[in-house]
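Peer 1: Let me give you the structure first, and then I'll get to my questions.
Just so it is clear, none of the values below were taken in a lab; they were calculated from the coordinates. Note that this is a predicted model, so its numbers are computed, not measured. Neighbour counts are summed over all protein chains in view; Cβ atoms, including those assigned to glycine, are modelled from backbone coordinates with ideal geometry.
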Amino acid sequence: MVRFFGILIGLFFAGMLFYSFGRGAVEYISNPPVETVEHEFHKEAKEVSFKSDGPFGKFDKQQLQRGFQVFKEVCSACHSIRLVSFRNLEELGYNEDEVKAIAANWSIESPSIDPDTGEAATRPPIPADKFPKPFANDVAAGAANNNAIPPDLSLITKAREGGAAYVYSLVSGYSDPPANLPEANRPGTGLHYNPYFANLNLAMAPPLTGTDQVSYSDGTKATVPQMAEDVSAFLIWTAEPSLIKQKQTGWAVLAFLLIATILGFLSYKTIWADVKAEKKKKEA
């Protein structure tokens with residue numbers, strides 16, 4: 001009896017599943033999705049490769065330092081990397097004194113109150129501190145950015161479809177709206193056209209504007225594509241600083257599994273060779 005009811009319940013759920021699938025298929029065929037203007041003009045992320053790509057990829061510390069320079073001089077006015085500590089920059093090749101000098105360019109809000117002004121006091125950061133936010137809260141951030149709140153960039157290359165290629169395309173992909181773009185989809189006041197953004201218009205002004213915007217200490221020419229690639233590479237690191245170690249660990253695990261498999265196979269052949277020989281003797 002229990003088995004009978006179990007079968008009935010199973011058939012019921014299977015029937016509901018097929019009914020839902022069939023109904024959805026009929027609905028899709030009878031009312032196919034209509035392509036919107038955003039779909040028509042939206043572009044896929046540009047093809048770009050990074051030195052950290054692939055199973056053998058490695059971080060280029062010089063490029064990461066250039067990317068951090070772009071973030072510091074351009075992006076940090078609006079965006080934060082709140083999951084990164086100043087001392088983490090030592091992984092990019094900066095020494096302790098350089099990290100302290102970098103930290104000195106920021107200020108950290110103290111829980112105490114300045115008795116003279118009544119405002120929150122600040123203190124110089126130490127290497128253990130996280131990078132502070134550029135705005136006190138979301139209200140201040142929205143007020144300074146046409147009511148758009150700039151996202152934290154710590155995990156941006158993992159949080160957006162396309163990853164670093166999306167970031168690269170977005171910051172280097174601003175352009176004038178095409179002539180055939182409907183008026184309703186043209187950027188309004190305070191908005192900027194970017195075909196790599198989901199709805200084509202965003203509040204962030206073009207962050208990278210020209211070759212004189214950043215002066216790289218290693219002599220690399222700071223073109224817009226170069227700066228976009230460098231800052232994207234830096235944001236790959238902020239999102240996954242242990243990426244290279246994970247790859248190295250993966251190769252070590254694969255090597256171990258390969259050796260263990262070979263040893264297991266040889267052990268199998270050795271053990272069963274004696275068993276088979278003994279069996280043949282008995283059969284003879």
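Peer 1: Can you compute the helix-only [θ] at 222 nm over the chain? Use -39500 (n - 2.57) per DSSP H run of at least 4 residues, normalise by all residues, nearest 500 deg cm²/dmol.
Peer 2: That calculation yields -15500 deg cm²/dmol at 222 nm.
Peer 1: Using θ = phi - 60° and the Karplus curve 6.51 cos²θ - 1.76 cosθ + 1.60, what whole-Hz ³J(HN,Hα) does each residue of the stretch 48-61 get, with Gly and Pro shown as x?
Peer 2: Running phi through 6.51 cos²θ - 1.76 cosθ + 1.60 with θ = phi - 60° gives 8, 10, 10, 5, 8, 6, x, x, 10, x, 9, 6, 9, 4 Hz.
Peer 1: Using only the alpha carbons of the stretch 129-226, determine the length spanned along each of the three principal axes and report them from longest to shortest in whole angstroms.
Peer 2: That works out to 45, 36, 26 Å along the principal axes.
Peer 1: Next question, about the same structure. If you take every residue apart from Ala104 with its C-beta less than 12 Å away from the C-beta of Ala104, what net charge results, scoring Lys and Arg +1 and Asp and Glu -1?
Peer 2: Value of the local net charge: -1.
Peer 1: For Lys269, list the aspartates and glutamates whose Cα falls under 15 Å from its own Cα; do not include residues on the same chain fewer than 8 positions away.
Peer 2: Candidates past the 8-residue exclusion: Glu278.
Peer 1: Name the residues whose placed amide hydrogens come within less than 5 Å of the amide hydrogen of Leu83, ignoring near sequence neighbours (fewer than 5 apart) on the same chain.
Peer 2: Hits under the 5 Å cutoff: Ser154.
Peer 1: From the phi of every residue in the stretch 172-187, what ³J(HN,Hα) in whole Hz does the Karplus formula 6.51 cos²θ - 1.76 cosθ + 1.60 yield, where θ is phi - 60° and glycine or proline is x?
Peer 2: So the J values, rounded to whole Hz, are 10, x, 5, 7, 6, x, x, 4, 8, 6, x, 4, 5, 9, 7, x.
Peer 1: Over 21 Å between C-alpha atoms is what I'm after, so list which of Lys51/Lys158; Lys46/Lys247; Lys61/Lys221; Lys58/Lys133; Lys72/Lys247 land there.
Peer 2: Over 21 Å apart, Cα to Cα: Lys46/Lys247; Lys58/Lys133; Lys72/Lys247.
Peer 1: Here's a follow-up. Amide H neighbours of Lys46 under 5 Å, at least 5 residues apart or on other chains, H built in the peptide plane: list them.
Peer 2: Ser169
Peer 1: Also, quick follow-up: Hey, can you rank 208-218, 188-198 by average C-beta count inside 10 Å, highest first?
Peer 2: Final packing ranking: 188-198, 208-218.
Peer 1: Now a separate question. Here are a few candidate values for semi-axes √(5λ) of the Cα gyration tensor in Å: [x] 33, 22, 17; [y] 27, 23, 18; [z] 48, 35, 23. Which one was actually calculated from the structure I just gave you?
Peer 2: Answer by label: [z].
Peer 1: Mind checking which of Arg82, Arg23, Arg66 has the largest fluctuation in a GNM of the chain, springs on alpha carbons under 10 Å?
Peer 2: The residue with the greatest mean-square fluctuation here is Arg23.
Peer 1: Hey, another quick one. Apply 1/(1 + (r/R0)^6) to the Cβ-Cβ distance of Glu47 and Lys280, taking R0 = 51 Å, and write down the FRET efficiency to the nearest 0.05.
Peer 2: My answer for the efficiency is 0.25.
Peer 1: Could you run the Karplus curve 6.51 cos²θ - 1.76 cosθ + 1.60 with θ = phi - 60° over the stretch 163-168 and give me ³J(HN,Hα) per residue in whole Hz, x for Gly and Pro?
Peer 2: Calculated HN-Hα couplings, in order: x, 5, 5, 5, 4, 4 Hz.
Peer 1: Taking the chain as a Gaussian network, Cα atoms linked when under 10 Å apart, which of Ile149, Ile108, Ile271 shows the biggest mean-square fluctuation?
Peer 2: Ile271
Peer 1: Applying a 10 Å radius around every beta-carbon, put 157-165, 235-243, 49-57 in order of their mean neighbour count, most first.
Peer 2: Peptide ranking by packing, descending: 235-243, 157-165, 49-57.
Peer 1: Please list, ordered by chain and number, the residues whose modelled amide H lies under 5 Å from the amide H of Ile108; skip anything fewer than 5 residues away on the same chain.
Peer 2: Arg123
Peer 1: Compute the acute angle (0 to 90°) between the alpha-carbon long axis of helix 224-239 and the principal axis of greatest extent of the alpha-carbon atoms of the chain; round to the nearest 10°.
Peer 2: The helix 224-239 is inclined about 60 degrees to the chain.
Peer 1: So, one more: If I build a Gaussian network model for the chain, linking alpha-carbon pairs within less than 10 angstrom, which residue out of Leu254, Leu263, Leu202 has the largest mean-square fluctuation?
Peer 2: Highest fluctuation of the listed residues: Leu263.
Peer 1: For an R0 of 51 angstrom, estimate the FRET efficiency from the Cβ-Cβ distance between Glu98 and Glu27 and round to the nearest 0.05.
Peer 2: About 0.25, to the nearest 0.05.
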